[in-house]
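Asker: Below: one structure in structure tokens.
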Amino acid sequence: MTPEFDLPLVILRTNRKKTVSIEVTPSNIKVSAPKRLSHRVITDFITERSRWIEKNVQLQLAQPKQIPRTWTDGEMFAYLGQEYALNVTRKSADMVEIGEGSLNVAIPFGTLELDEKNTVKSLVLAWYKQKATKTLTAKSFCYSKLLKVEPTSVRVREYKSQWGSCSVSGVISYDWRIIMAPLKVVDYLVVHELAHLLEHNHSQKYWKHVETTIPNFREQQSWLKLNARMLTI
Ligand SMILES: [Zn+2]
């Protein structure tokens, strides 16, 4: 018998896999298994991992549910670890800036009521990406001097399930949403990716490089793990 959990169990049969894998998402427990594997073997595997699954289900359930954005006054936005309340006004030209506890967004006078939310959304997203690019580029420059490495380029993009990457050719990429996290966490991510230019793995030697640059990196690492779901729009 398959054990029961507080989230629905979804078994996906795939040709691409040779082994069974389990992923606990906010809405279900996804089990991917090779097409030919018997149901019995899969059930046994789930039973064997039930404690791990249960632990992760409870972690998911404990996370605050994400409420869809309304893009209206008073809605909170995180930037470098601080929360700012959205404040929308109308001016002759569009503008986004941080005020005292507020994220001030000006949309052009002529904006139709109907387009207001979308206009605010695209302005805020563009602002975040611009801030992220500026900060992450500058940080990468500073820390690459410290680590004595030379990334071929620094890019900012959006990832599904990671915060950054370092390619074999030396391209460093970051998810722009990290700009919502405290600066210490941003620093850790930058050092994490740059240190991969020294070691393309997560070996002890690799972590030593990270630790030398950021002695309390484990704190930032666990902050990121715990708050990952908050860093979203
Ligand atoms: Zn890594």
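Asker: In the chain, if the dipole is taken from +1 on Lys/Arg beta carbons and -1 on Asp/Glu beta carbons about the Cα centre, which of 80, 68, 224 is farthest to the positive end?
Answerer: 224
Asker: Tell me the carbon and sulfur percent of the accessible area for region 101-206, rounded to whole percent, probe radius 1.4 Å.
Answerer: Numbers: 3080 of 5580 Å².
The value for region 101-206 is 55 percent carbon and sulfur by accessible area.
Asker: Please name whichever of 42, 133, 31 sits farthest to the positive end of the charge dipole of the chain, dipole taken about the Cα centre and charges placed at Cβ: Lys and Arg +1, Asp and Glu -1.
Answerer: Checking the options against the dipole of the chain, the answer is 42.
Asker: Rounded, prolate or oblate, given the Cα gyration tensor of region 142-230, with a/c below 1.5 counting as rounded?
Answerer: Values: a/c = 1.66, a/b = 1.17, b/c = 1.41.
It comes out oblate by the Cα gyration axes.
Asker: Still on this model: Given +1 on the Cβ of Lys and Arg, -1 on the Cβ of Asp and Glu, and no further charges, what dipole in debye does region 9-62 carry about its Cα centre, rounded to the nearest 20? Numbers along the way, then the final one.
Answerer: Values: 11 positive and 4 negative charges, 72 e Å.
The dipole magnitude comes to about 340 debye.
Asker: Show me the trypsin sites (Lys or Arg not before Pro) within region 32-115 that DSSP assigns to loop and that have at most 10 other Cβ atoms within 10 Å of their Cβ. Could the numbers behind the result be given before it?
Answerer: On the way: sites: 35, 36, 40, 49, 51, 55, 65, 69, 90, 91; in loops: 35, 36, 49, 65, 69.
For trypsin sites (Lys or Arg not before Pro) across region 32-115 that sit outside H, G, I, E and B with at most 10 neighbouring Cβ atoms in 10 Å, the list reads 35, 36, 65.
Asker: Would you mind calculating the gained length between residue 115 and residue 169 on full extension (0.36 nm times residue separation, minus the Cα-Cα distance), in nm to one decimal? It would help to have the intermediate numbers written out before the result.
Answerer: Values: separation 54, 0.36 × 54 = 19.44 nm, distance 4.26 nm.
Taking residue 115 through residue 169 to full extension adds about 15.2 nm, to one decimal.
Asker: With the chain treated as a Gaussian network of Cα nodes joined by springs under 10 Å, which of 42, 179, 107 yields the largest mean-square fluctuation?
Answerer: Of 42, 179, 107, the most mobile in the Gaussian network model is 42.
Asker: Sticking with the crude label model, points 7 Å out along Cα→Cβ, report the distance from residue 21 to residue 95 in nm, one decimal please.
Answerer: Those two pseudo-labels are separated by 4.8 nm.
Asker: With +1 on each Lys and Arg Cβ and -1 on each Asp and Glu Cβ, how big is the dipole of region 1-150 about its Cα centre, in debye rounded to the nearest 20? List each step's numbers first, then the result.
Answerer: On the way: 23 positive and 16 negative charges, 224 e Å.
Computed charge dipole of region 1-150: roughly 1080 debye.
Asker: Explain nothing, just the number: relative contact order of the chain, from Cα pairs under 8 Å at least 6 residues apart, as a whole percent. List each step's numbers first, then the result.
Answerer: Details: 330 pairs, mean separation 28.8, N = 233.
Rounded, it is 12 percent for the chain.
Asker: Okay, moving on. So if each residue of separation counts as 0.36 nm, and I subtract the Cα-Cα distance between residue 227 and residue 161, what length gain in nm does that give? Walk me through the numbers before you get to the answer.
Answerer: Values: separation 66, 0.36 × 66 = 23.76 nm, distance 1.33 nm.
So the chain would gain 22.4 nm between residue 227 and residue 161.
Asker: Still on this structure, please answer the following. Accessible area per residue of the chain at 1.4 Å probe, in Å²?
Answerer: On a per-residue basis, 61 Å².
Asker: Can you give the accessible area of residue 73, probe radius 1.4 Å, in Å² rounded to 10?
Answerer: 100
Asker: Tell me, what are the semi-axes, in whole angstrom and largest first, of the equivalent ellipsoid of region 10-119 as set by the roots of 5 times the Cα gyration tensor eigenvalues? Mind dumping the intermediate values first?
Answerer: Details: eigenvalues 459, 59, 21 Å².
For region 10-119, the ellipsoid semi-axes come out as 48, 17, 10 Å.
Asker: Let's see if you can work this out: charge +1 on each Lys and Arg Cβ, -1 on each Asp and Glu Cβ, no other charges. What is the dipole magnitude of region 76-233 about its Cα centre, in debye to the nearest 20? Let's see the in-between values first.
Answerer: Values: 20 positive and 15 negative charges, 74 e Å.
Result for region 76-233 is approximately 360 debye, rounded to the nearest 20.
Asker: Among 179, 163, 215, flag the residue with its Cα farthest along the positive direction of the charge dipole of region 132-230, charges on Cβ as +1 for Lys/Arg and -1 for Asp/Glu.
Answerer: Result: 179, furthest along the dipole toward the positive end.
Asker: Follow-up question, since we're still on this one. Compute the relative contact order of region 132-230 as a whole-number percentage, counting only Cα pairs closer than 8 Å that sit 6 or more residues apart in sequence.
Answerer: On the way: 122 pairs, mean separation 26.0, N = 99.
Over region 132-230, the number comes to 26 percent.
Asker: What is the local net charge at residue 12, summed over the other residues whose Cβ is closer than 13 Å to its Cβ (Lys, Arg +1; Asp, Glu -1)?
Answerer: Working: positive: 13, 16, 17, 30, 35; negative: 23.
Once all neighbours under 13 Å are counted, the net charge is +4.
Asker: Report the relative contact order of region 76-130, percent, no decimals, based on alpha-carbon pairs under 8 angstrom and at least 6 residues apart. Walk me through the numbers before you get to the answer.
Answerer: On the way: 77 pairs, mean separation 15.1, N = 55.
So the answer I get is 27 percent.
Asker: Please give the length that would be gained between residue 51 and residue 183 if that part of the chain were fully extended, namely 0.36 nm times their separation in residues minus their C-alpha to C-alpha distance (nm, one decimal).
Answerer: Working: separation 132, 0.36 × 132 = 47.52 nm, distance 3.52 nm.
Going from the current span to full extension adds 44.0 nm.
The values are calculated or read from the model by the stated rules, or taken from the named source; none is laboratory data. The structure displayed is predicted, hence computed values, not measured ones. A quick note on method: Cβ atoms are made from the backbone with ideal geometry, for glycine too, and the neighbour counts reach across all protein chains shown. Heavy atoms of the whole protein, side chains included, go into the accessibility calculation; ligands, DNA and RNA do not. Shrake-Rupley method; radii C 1.70, N 1.55, O 1.52, S 1.80 Å.
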